[in-house]
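Data first, discussion second: the structure below is written as structure tokens.
The values are calculated or read from the model by the stated rules, or taken from the named source; none is laboratory data. Note that this is a predicted model, so its numbers are computed, not measured. When we count neighbours, we look across all protein chains shown, and the Cβ atoms used for this are built from the backbone with ideal geometry, even at glycine. What goes into the accessible areas is simple: the full protein's heavy atoms, side chains included, and nothing from ligands, DNA or RNA. Shrake-Rupley method; radii C 1.70, N 1.55, O 1.52, S 1.80 Å.
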Amino acid sequence: MALAIDIVTLFPGFFKSPLEESLLEKAQAKGLVRIRTHNLRGWTHDRHKTADDKPFGGGAGMVMKPEPIFECVEEVGKKAWVILLDPQGEPMSQTLAAKLARKKHLVLIAGHYEGVDQRVKDHLADQEISVGDFITMGGEAPALCLIESIVRLIPGVLGNKESVRHESFQSGKLEHPHYTRPREYRGWKVPEVLCSGDHQQVALWRHHEAERATRRKRPDLLK
Ligand SMILES: C[S@@+](CC[C@H](N)C(=O)[O-])C[C@H]1O[C@@H](n2cnc3c(N)ncnc32)[C@H](O)[C@@H]1O
């Protein structure tokens with residue numbers, strides 16, 4: 001069965017073009033994933049469709065109210081794995097993307113302003129995920145990062161299985177460099193071995209280059 005993803009957001013328009021382009025559009029058209037956005041304002045109860053309020057205890061900024069988030073998630077994702085995008089969450093990784101790609105139904109909650117009421121974290125979300133040690137304006141861009149990384153791992157989404165297998169982080173290393181035509185550009189030549197037709201030598205070269213890149217750029221991965 002296809003993976004279902006429901007996005008809970010105050011800004012559903014944010015996802016319009018990304019979901020209608022390229023591989024995400026194709027994956028949905030092929031029925032490999034079903035993605036829907038839900039505007040939280042649809043679960044508010046006042047005439048102004050209020051989804052945020054002042055923080056108890058004072059201080060700057062607004063906090064997203066719990067009621068619309070709870071009610072929306074309870075309606076669209078009863079048995080789903082509920083993820084809150086949050087800078088305090090578990091760091092997103094390729095390993096986590098692979099785990100999430102095997103789930104049946106994901107609900108992604110995008111926060112805004114100062115974030116969501118703590119009770120959403122304590123009593124609704126199954127997992128909090130962060131896309132890095134920096135703060136974005138809302139959870140929409142982080143949610144899209146998750147979707148991009150998860151959906152491309154669903155079998156049938158990418159044409160070539162090999163391209164996933166050798167990718168950075170997949171094997172605990174960065175990927176080797178890539179070259180395409182022309183063979184020489186502005187005097188910079190493609191390494192001879194790649195044009196040799198010797199598959200064993202090419203594989204060896206790629207292995208060494210992947211190790212070299214990892215040692216230089218991300219030594220932490222080798223530990
Ligand atoms: C401006 S941020 C709130 C930051 C919060 N006041 C804090 O200091 O932890 C608003 C929303 O953006 C999303 N967000 C921001 N940075 C993120 C990150 N690194 N990873 C995941 N979500 C993030 C979350 O949904 C968050 O509720």
Out of Asp126, Asp198, Asp53, a Gaussian network model of the chain with alpha-carbon springs under 10 Å gives the largest mean-square fluctuation to Asp198
Which three lengths, in whole Å and largest first, does the stretch 1-90 cover when its Cα atoms are put on their principal axes?
-> 49, 27, 25
Taking the mean number of other Cβ atoms within 10 Å as a proxy for protection, how do you rank 112-125, 143-156 from highest to lowest?
-> 143-156, 112-125
Please give the per residue volume of the convex hull enclosing the alpha carbon atoms of the chain, rounded to a whole number of Å³.
-> 181
Heavy-atom accessible area per residue, the stretch 166-222, 1.4 Å probe: how many Å²?
-> 81
Principal-axis tilt of helix 140-151 within the chain, Cα atoms, nearest 10 degrees | 50
Over the stretch 166-222, what number does the Rg to Rh ratio reach, with both radii from the alpha-carbon atoms and Rh per Kirkwood?
-> 1.03
With a cut-off of at most 15 other beta carbons within 10 Å, and DSSP calling the residue loop, which trypsin sites (Lys or Arg not before Pro) in the stretch 61-116 qualify? Please list them.
-> Lys78, Lys79, Arg102, Lys103, Lys104
In the stretch 1-45, the GluC sites (Glu not before Pro) that sit in a DSSP loop and have at most 12 other Cβ atoms within 10 Å of their own Cβ are Glu20, Glu21
What is the local net charge at Leu106, summed over the other residues whose Cβ is closer than 14 Å to its Cβ (Lys, Arg +1; Asp, Glu -1)?
-> +4
The chain: most fluctuating residue of Lys189, Lys173, Lys54 per GNM, C-alpha cutoff 10 Å = Lys189
On the accessible surface of the chain, probed at 1.4 Å, how many percent belong to carbon and sulfur atoms?
-> 52
Under 19 Å between C-alpha atoms is the cut-off here; go through the stretch 48-150 and count lysine pairs that meet it, provided they're at least eight residues apart or on different chains.
-> 11
In deg cm²/dmol, rounded to the nearest 500, the helical mean residue ellipticity at 222 nm of the chain, built from -39500 (n - 2.57) for every DSSP H run of length 4 or more, is -9500 deg cm²/dmol
A chain fully extended from Lys79 to Thr50 at 0.36 nm per residue, minus the present Cα-Cα distance, gains in nm 7.8 nm
